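Structure incoming, see below.
The values are calculated or read from the model by the stated rules, or taken from the named source; none is laboratory data. Predicted model only: the values in this text are computed from it and were never measured. Neighbour counts run over all protein chains shown; Cβ positions are idealised from the backbone, glycine included.
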């Protein structure tokens, strides 16, 4: 009997084992997302160590048993689980994890966290969003895609310049640009702008200050964390080619009057710059001065639509990118990218060529993980002066501008200004810049709870810049005009070296079954070295030979006044060095997956604040934040209506160690070259009359923020928002000391501002399935910064002032504030007219004319994707603010202004005006004429009165911008079966195709264009002159282009 049971037991065991082995089989399939096959996806049998990665075509093969679960995971996508059934084929479509609270993103100093555990507001922008319109500038590609993020253009052209401001400005005179971190190392906006957009994997915009607190003084303005591609694409090698071409043209120029032509005082004068001529009659008239052949250029005395636009060409932007990648971190990966960009701007001769190489590799070696990369970029550009637009606007609408391309100055359309074509060809800036950026990162796992990470990043830049201006002597001086130009040459060479290093020990422990702890202790070191040599001189002996030995006199040895025509600097050489060190600690505690506490502290040592009288150069920056995820509680999990929710609160104190104009040696007592010496030709030195407080300390910012994010109906609707308050103290402000001090300006800690703001984000997917996806993201942001204190001596300080208008910080007012010359008004706001002259009465002091900060900004980022056909749109709208348009002022005195010809050139009753009939008594004006009764008196009014009042040129800055429109199509994978191709995508795109401005802004300027830098009345220089749009800027442009992307 016992032997019978033993036989039966043996038989059952054999059948069980046979059944068990029979269930293990090979599962194959393809993993994709909405755009097609997805390489590099991790496929793991849940609860085991068995796993593979998908290949370049998204395919995988793995052994598993029926009933087991396969887990599919990929950064930026939601994890997906599927139980193995009878079928041997399991195809899977992953969904974006943009709104998932479990998505892991890179935060400060390279620490990876789930979105749910981040205790301040942040927003991620994926590679697909950055590249959809083929924008070669990563910074510009972010515009309109993140609420609270402002991309402020300070210069158009092949070398486009931008300021990047997150939320409100923290400083009056200092830098308000957000910090840029690339692959965990602090970098700059300039370096980011030179990285091909195709190289970017993702951008994490840390809007809340608590998310940037670990960067100490560097992170005061928020941080933009950029991750470049690593190329983990499975075992097979993947090759991707991307090629695009864009056509660029001028979007708009200022509208000018088309009723009166070239001339002055009502008469046609062929060499006049003004449009104060006779009314158009269509007759043939001479235009400009005599040409080289002794003849005039003749044209109908009629308006030519957009004649100035004919000066500009259709520009081109060519981009070609190749990427070769393969492997993964466990087995080793390699990623190589080559990018070529060639830009021909709308101004002939303005060109840029950039070649960049990136090599990145890494491998896990037992307990070591080693990664390294090298970026190389060589940029060569040549440009002319943007001041030519100032001359270009001195052309009446009857002038056939393009016919003067080869006329030179002697044959220009006016004798009072230079020919813009001559300027284009004879004033040139040439830049050669080489960037090399090696980076090395190593991680050692001591045990499962502790690892050590070391990062070394070295940024090297060598540049050689040259500027030349050919000379011209005006022999005719027709009509008293003289646009003679002295030839000039300037050359600069500079070398910059920046070392960034981190050493960090990372801890991870489960304190209990419910409480977890992650900690980081680290030290940071930054070293900056810069060398520069400059030489310049005037009067070239041999025209066209641009060598410093070719000047007729000695090189310049002292500073001379810079004008619109000159870029003079004194010959010099300089060397700068600065150092900073920081110790930081980060502690993260979690209670399950629903409650998170983050505490950070950083102590910085700063060489720029080290002086004989400086109390300390050491400053501490703390922060604390909490995040609560109620939907992670068992009672609220898997909610059918509310499926995800997150609430945060945080406090942070940060500072800026480089405020205002406090340069590397700002607090040191230095001398400067004098303008002469009593004994012969010896050099002399004198004390600076503008100095910095030797006890200077950082500007400090304390921020409190609350935020929330809620997902409904399986994240088909996502609503979020944040509210924050900021208090900025010890702001660096220039004050005017007493005359007995002998000083003109003293820079010290004294100003204060406060800010309140909030943001609201709404994302919803009306349709979301494997074949059809419709995504909509709306953002709303607003803030108000109020100046609480300027100095003990004054309630206002000038940021920039051109003599008629400027940007100011005024106690009790919003910042930045526009002030300038204005009219006197009665208590009802009506303009007071001088009964004797008919002119509006000028105010004796500057008046507040507007504010540069919008009441709010709306942004939209959406797309529709149907079976590989994708249409994307990005736009934003801002309103409630004003700006000063210097272009309007420039057009007003010379007769080109649209308003100067609306009702004919005759006097008028000034609208809504009054006459002061007795002191304090005002009567509606019904008979006193402004502008006189003759053409000449009308001209005099606009030239001598209207043009001098800044109030007339302060305009509504409301603007609706369609930033991007993109349409692409990805070929179905089945069409590529049997070929070596894994993905083929075609696209067409447009950038800035439509811009809608306020009615009163007749194309005078894009309100977003601001002054790039300005010297204040107090002697400080900064870039916070938003709200002042200078005339010396190229007009806004738009592009339309085509691209193709192919993967093998």
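So if I check each of 31, 44, which one is part of a strand (DSSP E or B), at pLDDT 75 or above and either loosely packed, with under 15 Cβ neighbours inside 10 Å or within 39 Å of the chain's Cα centre (by Cα) (or both)?
31
This table checks each residue for (1) out of contact with any strand residue (DSSP E or B) (no Cβ under 7 Å at 6 or more places or on another chain); (2) outside any loop (DSSP other than H, G, I, E, B); (3) surrounded by fewer than 20 Cβ atoms within 10 Å (Cβ to Cβ).
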site	(1), (2), (3)
113	no, yes, no
153	no, yes, yes
162	no, yes, no
169	no, no, no
174	no, no, no
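For the range 814-839, how many residues meet the condition of being crowded, with 21+ Cβ neighbours inside 10 Å, in a strand (DSSP E or B) and touching a helix residue (DSSP H, G or I) at 6+ places or on another chain (Cβ under 7 Å)?
1
Can you tell me which of 932, 978 is in contact with a helix residue (DSSP H, G or I) (Cβ under 8 Å, 6 or more places away or on another chain), modelled with pLDDT under 95 and not in a strand (DSSP E or B)? So that I can check it myself, show each step before the final result.
Numbers: 978 fails: in contact with a helix residue (DSSP H, G or I) (Cβ under 8 Å, 6 or more places away or on another chain).
Result of the check over 932, 978: 932.
Let me ask another. Over 30 Å from residue 405 (Cβ atoms), in contact (Cβ under 8 Å) with a residue 12 or more places away in the chain, in a strand (DSSP E or B) and more than 33 Å from the chain's Cα centre (by Cα) - does that describe any residue in the range 270-284?
No, the range 270-284 contains no residue that is over 30 Å from residue 405 (Cβ atoms), in contact (Cβ under 8 Å) with a residue 12 or more places away in the chain, in a strand (DSSP E or B) and more than 33 Å from the chain's Cα centre (by Cα).
Do the conditions hold for residue 352, that is, is it touching a strand residue (DSSP E or B) at 6+ places or on another chain (Cβ under 9 Å) and surrounded by 20 or more Cβ atoms within 10 Å (Cβ to Cβ)?
yes
How many residues does the range 871-889 contain that are touching a helix residue (DSSP H, G or I) at 6+ places or on another chain (Cβ under 9 Å) and either more than 17 Å from residue 1010 (Cβ to Cβ) or surrounded by fewer than 21 Cβ atoms within 10 Å (Cβ to Cβ) (or both)?
Result for the range 871-889: 2.
Just one of 1038, 991 is assigned to a strand (DSSP E or B), buried (at least 23 other Cβ atoms within 10 Å of the Cβ) and modelled with pLDDT of 90 or more; which is it? Please lay out each step first, then the result.
Values: 1038 fails: buried (at least 23 other Cβ atoms within 10 Å of the Cβ).
Step by step, each of 1038, 991 is checked, and only 991 is assigned to a strand (DSSP E or B), buried (at least 23 other Cβ atoms within 10 Å of the Cβ) and modelled with pLDDT of 90 or more.
One line per residue, one yes/no per condition, for (1) closer than 30 Å to residue 189 by Cβ; (2) buried (at least 17 other Cβ atoms within 10 Å of the Cβ); (3) modelled with pLDDT under 95; (4) under 37 Å from the mean Cα position of the chain (by Cα):
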| position | (1), (2), (3), (4) |
| --- | --- |
| 453 | yes, yes, no, yes |
| 462 | yes, no, no, yes |
| 477 | no, no, yes, no |
| 480 | no, no, yes, no |
| 484 | no, no, yes, no |
| 497 | yes, no, yes, yes |
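Pairs needed: first member in the range 587-600, at positive phi; second member anywhere, in a strand (DSSP E or B) and crowded, with 17+ Cβ neighbours inside 10 Å; C-beta distance under 9 Å; at least 6 residues apart or different chains.
592/516
Mind telling me which of the residues 968, 953, 913 ends up being touching a strand residue (DSSP E or B) at 6+ places or on another chain (Cβ under 8 Å) and within 30 Å of residue 868 (Cα to Cα)?
Going through 968, 953, 913 in turn, the sole match is 968.
Looking at (1) modelled with pLDDT under 85; (2) closer than 26 Å to residue 722 by Cβ; (3) in a helix (DSSP H, G or I), which is the one condition that is false for residue 631?
The failed condition is (1).
From the list 237, 181, 146, 245, which residue is crowded, with 23+ Cβ neighbours inside 10 Å and assigned to a strand (DSSP E or B)?
The match here is 181.
Among the residues that make up the range 115-130, is at least one of them part of a loop (DSSP other than H, G, I, E, B), closer than 30 Å to residue 988 by Cβ and either in contact (Cβ under 8 Å) with a residue 24 or more places away in the chain or under 31 Å from the mean Cα position of the chain (by Cα) (or both)?
The answer is no; no qualifying residue exists.
If I filter the range 759-773 down to residues being at pLDDT 95 or above and surrounded by fewer than 19 Cβ atoms within 10 Å (Cβ to Cβ), which single residue comes out as farthest from the chain's Cα centre (by Cα)?
Filtering the range 759-773 for residues that are at pLDDT 95 or above and surrounded by fewer than 19 Cβ atoms within 10 Å (Cβ to Cβ), the one farthest from the chain's Cα centre (by Cα) comes out as 762.
Moving on to the next point. Looking for something over 28 Å from residue 723 (Cβ atoms) and over 14 Å from the mean Cα position of the chain (by Cα) - is there at least one such residue anywhere in the range 160-181?
no
Separate question: Please verify whether residue 745 is over 30 Å from the mean Cα position of the chain (by Cα), under 30 Å from residue 793 (Cβ atoms) and surrounded by 19 or more Cβ atoms within 10 Å (Cβ to Cβ), treating the condition exactly as stated.
For residue 745, the condition - over 30 Å from the mean Cα position of the chain (by Cα), under 30 Å from residue 793 (Cβ atoms) and surrounded by 19 or more Cβ atoms within 10 Å (Cβ to Cβ) - is met.
Scan (1) under 28 Å from residue 576 (Cα atoms); (2) without any contact (Cβ under 8 Å) to a residue 40 or more places away in the chain for the single condition residue 501 breaks and write down its number.
Unmet for residue 501, out of (1) under 28 Å from residue 576 (Cα atoms); (2) without any contact (Cβ under 8 Å) to a residue 40 or more places away in the chain: (2).
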